[in-house]
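For reference, the structure discussed in these notes is given below.
Throughout, read-outs are computed from the coordinates displayed, never taken from laboratory work. Note that the structure is a prediction, hence the values are computed from the model and not measured. Here the Cβ is made from the backbone with ideal geometry for all residues, glycine too, and neighbour counts use every protein chain on show.
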Amino acid sequence: MAPHCAPRTALLLPGFDSRAPALVYCAHMAKIHLLINPQAGGGRAARLVPALKAWAAARSEPGALSVAGTVPEALHWLRSLPRGDTVALVGGDGTVNQLLPALLDQALCLALVPQGSGNDVARALGVFGLSWQEALQFASNATPQPMDVGWLHTATLQRPFLSSLTVGFDSAVGLRALQGPRWLRGLPRYLLATVRELSALQTWQMQVLLDGELLHSGPTLFASTLNTPTYGSGMPAVPQARINDGALDLLIAGTFNAPQTLAMLPRLLLARHLSHPRVQTRRFQTLEIASPQALPLAADGEYLGESTALTLRVAAAALQVLRTH
């Protein structure tokens, strides 16, 4: 029997847990919990709180709205919800990433009101560009569908990701983007971070095994995994990636110097980078990467630190989401 999607109050903010996800299908109902990250989009989401309160109060199936001030508060609240409830998250990729473990723990259905800087999950769900009113109206009538989830394992870390897990240059760019000017958002912020990172460009010696077989060994600019077609605020890194195909997609680039990397940017933005002889993509269920050097890692744009060895696995259909297509 599918879990009942009961009404509940709402709140928000990120955090994570290491327990593996369990697949539970939720029964969608019109009553929706609103979880708001007031820091999303450089603080823009906080301005929506009065309007969202009015929206929730005016519904015939009203749901409560709450704003959490800390990650532990948000995780505690999410894990108190009955399994299978539907949660509309007002935020971006970083918010989704840090809340994802609790969503998986409670088999919660995710609706997304895009208010972040990256919004690649919103793009994959077909809600990017919708106003908050349009996104919530869609969520009120949509039917849950399954979405795959990626899992990262290192010697010290185990956590899920929904859009991308980057290794190498992409992660270094992501860190610079997080440290960039708050007034600059979206793709321009990532492009500025990319140009700045070129001054410190390096490659890493990586050995890459795909489903147990050696794919690559040698100097590597990056070896990033995508579950969504885009990352970095809309860059079409793996246009053929699908969020419900039971697999993840590796995008790997060999040796590039700074001028060559800069020249690849227009090709990436136009989705023409895959024809380059030192760039390739492969679909997989399990990926292992090892290096004598510390590899910078980032999940859904959130910097995670470094590791010399990691394993990535797909959890097929592990999360229920509301999507337009």
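Here is how the numbers come out for the structure above:
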{"item": "Cα→Cβ-extended label distance, 7 Å offset, between S60 and N141, nm", "result": "1.3"}
{"item": "For Q205, residues with placed amide H under 5 Å, excluding near neighbours", "result": "T220, Q293"}
{"item": "Distance in nm between pseudo-label sites at Q158 and H276 (7 Å out along the Cβ direction from Cα)", "result": "3.6"}
{"item": "Extended-chain gain in nm, criterion 0.36 nm per residue less alpha-carbon gap, L265 and Q133", "result": "44.1 nm"}
{"item": "Binned Cα-Cα distance frequencies in the range 33-143 - 5 Å width, integer %", "result": "2, 12, 24, 27, 22, 11, 1"}
{"item": "Pairwise label distance in nanometres, V71 with T286, each label 7 Å out on the Cα-Cβ vector", "result": "2.9"}
{"item": "Order by protection proxy (mean Cβ within 10 Å, highest first), peptides 90-99, 271-280, 136-145, 31-40", "result": "90-99, 31-40, 136-145, 271-280"}
